[in-house]
Amino acid sequence: MLQKCATLLAAAGLVAAVGCGRTDAGITTNVKTKMAADDTVKAYQIDVDTQNGVVTLKGDVDTVAAKTMAVRIARETEGVRDVIDQIQITETAPTGGLLEPDDRAEQEGRDTAGRLEEGARDLGTRTGDAANRAGAAVSDAAITSAVKAKFLADTTVRGLKIDVDTKAGVVVLNGTVSSRAEADRAVMLARETEGVDHVVDNLKVGR
């Protein structure tokens, strides 16, 4: 009979211990104990508060590793339903210390890639602008030559007395012609030339 009572009391104690471990107070104690035993976290003062199985962590640490480990310890503690991470990384900590070596290398790689990509885009823009300017210059020169060739080949227009200037596809005609018909013919020939967007007629009728 005594042995049976002892067994029941032992079982009751075990249940009570397990139950206590899963209470908010028991969870808080377990989390703090684990943190005190961990080499990464034990150097910091981290407040642990548990409400309905939800653990809230508050405090200041110097590294991401310490913050990550504290949250991990809490999450892996029996009875914890969720973890609210309010741990702050101190502003006085060196920037390099915020990241582990692998993380710093990855971040530096991303930064370098970003700078290279930005430089490539900038170079491409400048190259494209230069090409566009060169292409426009060539087109304008080609248009001027084509218009002059048409004037010289035409029996109505005295091409040698007409000055042709082209900029951005706009042809400007200057000079003196013998009649309005010759001026109109010159304007028509210029307008019909490939690449011409507009013709400015500054021709004067005279001898």
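By how many nm would the segment from Gln86 to Ser178 lengthen if fully extended, with 0.36 nm per residue of separation less the alpha-carbon distance?
Working it through step by step, the gained length comes to 24.0 nm.
State, to one decimal in nm, how far the label point of Lys204 lies from the label point of Leu160, with both points 7 Å from Cα in the Cβ direction.
2.1 nm
Report the net charge of residues surrounding Phe151, where surrounding means a beta-carbon distance below 14 angstrom and charges are Lys +1, Arg +1, Asp -1, Glu -1.
Summing Lys and Arg as +1 and Asp and Glu as -1 gives -1.
Could you tally the net charge around Gly53, taking each other residue with its Cβ under 11 Å from the Cβ of Gly53, Lys/Arg +1 and Asp/Glu -1?
Taking every other residue near Gly53 into account, the sum is -1.
Summing Lys, Arg as +1 and Asp, Glu as -1, what charge do residues with Cβ under 13 Å from the Cβ of Lys34 carry, Lys34 excluded?
Once all neighbours under 13 Å are counted, the net charge is 0.
Applying a 10 Å radius around every beta-carbon, put 181-188, 75-82 in order of their mean neighbour count, most first.
The peptides rank, most packed first, as 181-188, 75-82.
A short reminder: the numbers here are calculations on the coordinates, not readings from a lab. Predicted model only: the values in this text are computed from it and were never measured. Note: ideal-geometry Cβ built from the backbone for every residue, glycine included; neighbour counts use all protein chains shown.
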